[in-house]
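K.L.:
Before I ask anything, here is the structure I am working with.
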């Protein structure tokens, strides 16, 4: 699957999308665009007066359903509740602060946590199909256990994107284990867990350098064979610095179509960034809608 | 400057290049190609019999000057000596092991050390001009002091590549200082040292995320102004995982022309990798030749 086929799949649907605090022009404009494209039925969860003022000023004629609340905290709780009860099948962050939204998502009784961690996944299209990169946005320096959980989140999402048995490369700067490189040690452990059947529905290999993960010729130069080297669907990076730089390189140097969502809840959470361009925002929304069912 | 203008500059020269242990086909072929292009006059420092056998078999008709030695260690010492005495003005690693060559380079009496550390720099061409990325190849987890030295090495080389006052971005995943992200803390220190005039002939800013470093629009979205954001010539990465993944992304996802050399000696050291394609190898040789004078 890629963004074009995902779009085709979405066009036959109209997914109820809860937007938490759509009180900034970027969010309202993105919601309007997704609505116009026919993918979503927006539920605006926020303070009534600023929502109405913005709709009137920024997108006249656009009439999403309004769910009025009194405060930011209430908006977060209410948006999450809409997802939990099935009234909304997708969730997008508006101008609510990230900690407030995450707190509502992770609430023990009223939340919608599903995985062990919340992790970011960047989905980019390369050579005609979706590839995933994780985590470049949520966990600064994941422990080995957190890397395991990040991997599990990504595999689940890749399967929703049509990759039945994702090939996972755990990245390092080297493809042999070096005690001086903790990333290579962690990768070895995760790969071995994969061989022992401790991950479902995926193939895990590592440590792999990026070129060994995505280019068969480079992998063979290093004597690496098997199903994953050269063909990785999912790249698990050592830390947020690596993931962030790789994700941005894919966008800025590679110019590849991409979008990102946060995983670990019952639905992916769409969190747009002001520095994202229009297409990246729309791609992120499409990915968020692909997460249920 | 970019690879085309560098090539033009090199074509009027014939730089004596010492190649340490050219006893593998890849090295001999690369040496032959650079010779045919008119850039270099090769000095083959290695064991006479294998060198002659390879030349005869792989590149018949190619007659570089031979500097016969008895062992790998002697090849390293002799190649370095040729550079130190000025008989060679560039140095390339053949099949000598990296530690053996580095030991000869760093030898207190007979070596050619210049900087405080040996660091790798990837030079890529983007939007028509050279950009540098460091260090993705030599120092796994540099200390703050080593990052300083890596930065100094790169600035010196950038100036040789025609960038009179390089703009240096010290990268992190974020552009504000977070105590949870050591990369952002180190970047803040280096940027402040730059403001205090502790780096010569360059401008230093950080912490910057990659997009803030290379894209003016992204920088402005984050409220970042000044000469460096959006226009960085040199990217200093937090560690080898980040540098490696970014360098390979530039090559594999970006498809940008690139090459790399090792800095910290009186001349850049050309170290080709088997997984480099032909153009990357040639680019690395060109960069190595750009390092003197």
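K.L.:
From the list A:165, A:131, A:160, pick out the single residue that is surrounded by fewer than 24 Cβ atoms within 10 Å (Cβ to Cβ) and over 21 Å from residue A:193 (Cα atoms).
P.N.:
Testing whether each residue is surrounded by fewer than 24 Cβ atoms within 10 Å (Cβ to Cβ) and over 21 Å from residue A:193 (Cα atoms) leaves just A:160.
K.L.:
All but one of (1) within 18 Å of residue B:241 (Cα to Cα); (2) more than 10 Å from every other protein chain (Cβ to nearest Cβ) hold for residue A:193, so report the exception by its number.
P.N.:
Failing condition for residue A:193: (1).
K.L.:
Just one of the numbered conditions (1) more than 9 Å from chain A (Cβ to nearest Cβ); (2) free of Cβ contacts under 8 Å to residues at least 40 places away in the same chain is not true of residue B:283; which one?
P.N.:
For residue B:283, the failing item is (2).
K.L.:
From the set of residues in region B:215-232 that are closer than 19 Å to residue B:166 by Cα and surrounded by fewer than 24 Cβ atoms within 10 Å (Cβ to Cβ), which is farthest from the other protein chains (Cβ to nearest Cβ)?
P.N.:
Top of the filtered list is B:227.
K.L.:
Of B:249, B:178, which residue is more than 17 Å from residue B:142 (Cα to Cα), within 14 Å of chain A (Cβ to nearest Cβ) and surrounded by fewer than 19 Cβ atoms within 10 Å (Cβ to Cβ)?
P.N.:
B:178
K.L.:
Every residue in region B:214-228 that is touching a helix residue (DSSP H, G or I) at 6+ places or on another chain (Cβ under 8 Å) and under 18 Å from residue A:273 (Cα atoms), please.
P.N.:
B:214, B:215, B:218, B:219, B:222, B:224 - these are the residues of region B:214-228 that are touching a helix residue (DSSP H, G or I) at 6+ places or on another chain (Cβ under 8 Å) and under 18 Å from residue A:273 (Cα atoms).
K.L.:
Which of the numbered conditions does residue B:238 fail, given that it passes all the others? Conditions: (1) closer than 23 Å to residue B:93 by Cβ; (2) facing another protein chain (nearest Cβ under 8 Å).
P.N.:
Result: residue B:238 passes all but (1).
K.L.:
Of the residues B:158, B:232, only one is touching a strand residue (DSSP E or B) at 6+ places or on another chain (Cβ under 8 Å) and either over 25 Å from residue A:255 (Cβ atoms) or not in a loop (DSSP other than H, G, I, E, B) (or both); which?
P.N.:
Only one candidate passes the filter, namely B:158.
K.L.:
Return yes when residue B:205 is in contact with a helix residue (DSSP H, G or I) (Cβ under 6 Å, 6 or more places away or on another chain), buried (at least 18 other Cβ atoms within 10 Å of the Cβ) and touching a residue at least 24 places away in the same chain (Cβ under 8 Å) and no when it is not.
P.N.:
yes
K.L.:
Okay, moving on. If you check residue B:186 against the conditions, is it surrounded by 16 or more Cβ atoms within 10 Å (Cβ to Cβ), touching a strand residue (DSSP E or B) at 6+ places or on another chain (Cβ under 9 Å) and either assigned to a strand (DSSP E or B) or within 14 Å of chain A (Cβ to nearest Cβ) (or both)?
P.N.:
It is true that residue B:186 is surrounded by 16 or more Cβ atoms within 10 Å (Cβ to Cβ), touching a strand residue (DSSP E or B) at 6+ places or on another chain (Cβ under 9 Å) and either assigned to a strand (DSSP E or B) or within 14 Å of chain A (Cβ to nearest Cβ) (or both).
K.L.:
Name the residue that is farthest from residue B:238 (Cα to Cα), counting only residues in region B:167-183 that are in contact with a strand residue (DSSP E or B) (Cβ under 9 Å, 6 or more places away or on another chain) and in contact (Cβ under 8 Å) with a residue 40 or more places away in the chain.
P.N.:
To start, the set of residues in region B:167-183 that are in contact with a strand residue (DSSP E or B) (Cβ under 9 Å, 6 or more places away or on another chain) comprises B:167-178, B:181, B:183.
After this cut, where a residue has to be in contact (Cβ under 8 Å) with a residue 40 or more places away in the chain as well, the list is B:167-172, B:175, B:183.
On the way: B:167: 17, B:168: 13, B:169: 11, B:170: 8, B:171: 7, B:172: 7, B:175: 13, B:183: 5 Å.
For region B:167-183, the residue satisfying everything is B:167.
K.L.:
Still on this structure: With the checklist (1) touching a strand residue (DSSP E or B) at 6+ places or on another chain (Cβ under 9 Å); (2) within 14 Å of chain B (Cβ to nearest Cβ); (3) touching a residue at least 12 places away in the same chain (Cβ under 8 Å) in hand, flag the one item residue A:150 doesn't pass.
P.N.:
Unmet condition: (2).
K.L.:
When you check residue B:207 against the structure, is it over 17 Å from residue A:241 (Cβ atoms) and either within 24 Å of the chain's Cα centre (by Cα) or assigned to a helix (DSSP H, G or I) (or both), yes or no?
P.N.:
no
K.L.:
Then there's this: Would you point out the residue of region A:252-265, among those that are closer than 20 Å to residue A:146 by Cβ and in a strand (DSSP E or B), that is farthest from the other protein chains (Cβ to nearest Cβ)?
P.N.:
A:265
K.L.:
Can you find even one residue in region A:138-150 that is farther than 26 Å from residue A:195 by Cβ and surrounded by 23 or more Cβ atoms within 10 Å (Cβ to Cβ)?
P.N.:
Yes, that holds for at least one residue.
K.L.:
Restricting attention to region B:119-135, which residues are more than 10 Å from the chain's Cα centre (by Cα) and touching a residue at least 24 places away in the same chain (Cβ under 8 Å)?
P.N.:
Residues satisfying the conditions are B:124, B:125, B:126, B:128, B:129, B:130, B:131.
K.L.:
Can we say residue A:268 is touching a strand residue (DSSP E or B) at 6+ places or on another chain (Cβ under 9 Å), away from chain B (no Cβ under 11 Å) and surrounded by fewer than 24 Cβ atoms within 10 Å (Cβ to Cβ)?
P.N.:
So residue A:268 does not fit the description; no.
All of the numbers you see were taken from the coordinates with simple rules; none came from a lab. None of the values given here were measured: they were computed from a predicted structure. Every residue, glycine among them, receives a Cβ derived from its backbone with ideal geometry; neighbour counts consider all protein chains shown.
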